[in-house]
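Take a look at the structure set out below.
The values are calculated or read from the model by the stated rules, or taken from the named source; none is laboratory data. Being a predicted model, the structure only gives us computed values, none of them experimental. So basically every Cβ, Gly included, is an ideal-geometry build from the backbone, and we count neighbours across all protein chains shown. Accessible surface areas use protein heavy atoms only, side chains included; no ligands, DNA or RNA. Shrake-Rupley method; radii C 1.70, N 1.55, O 1.52, S 1.80 Å.
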Amino acid sequence: MLIYFHLLLVGAWIGTVLVEALFERALLGQGRDKELILARLHWKVDKLVEFPLLVLVAATGAAMLGQMPPGGLFHAKLACAAVAILTNLYCIWLVKVRLDHAEAGDWAGFERVDRRQHQFGAVVLLGLLGAVGLGLAA
């Protein structure tokens with residue numbers, strides 16, 4: 001039963017990441033007023049939705065560790081999951097830093113952090129998809 005809850009949470013986490021990518025695409029580069037809205041919206045979603053999902057995915061995954069057969073596939077899945085979780089935690093911090101820059105009117109800082117956030121956001125998605133793909137293959 002735990003596996004189904006875990007998969008539901010993983011799906012919600014992937015959905016959240018994809019929705020965030022959509023509103024990033026819709027609002028970024030549309031003017032500073034829209035970018036401030038984007039920074040506030042993204043931080044709110046990270047704080048209220050994405051971070052709790054990330055914690056629950058990590059907790060349910062950890063609870064199932066003893067049920068998984070050891071081996072290369074298992075270790076690869078764990079590595080992908082760890083990359084996704086740790087990188088997402090870093091991205092959440094970057095989203096907050098980007099918001100701080102936007103609210104201070106430091107648009108050069110906003111753009112610098114924005115680039116880094118998007119680079120690492122792609123790593124989050126790759127880690128998530130890798131873990132899911134390897135989990136389904138197991």
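The residues of segment 69-134 expose, per residue, 51 Å² of accessible area to a 1.4 Å probe. Surface composition of segment 34-126: carbon and sulfur atoms hold 70% of the protein heavy-atom accessible area at a 1.4 Å probe.
Pairs of lysine residues in the chain that meet both criteria, 8 or more places apart or on different chains and Cα atoms under 21 Å apart, total 5. Using the Cβ of Val95 as centre and a radius below 11 Å, the other residues enclosed give a net charge of 0, where K and R count +1 and D and E count -1.
Across the alpha-carbon set of segment 1-106, the Rg to Rh ratio works out to 1.08, Rh being the Kirkwood radius. Relative contact order, whole percent, for the chain stands at 30, derived from Cα pairs under 8 Å and 6 or more residues apart.
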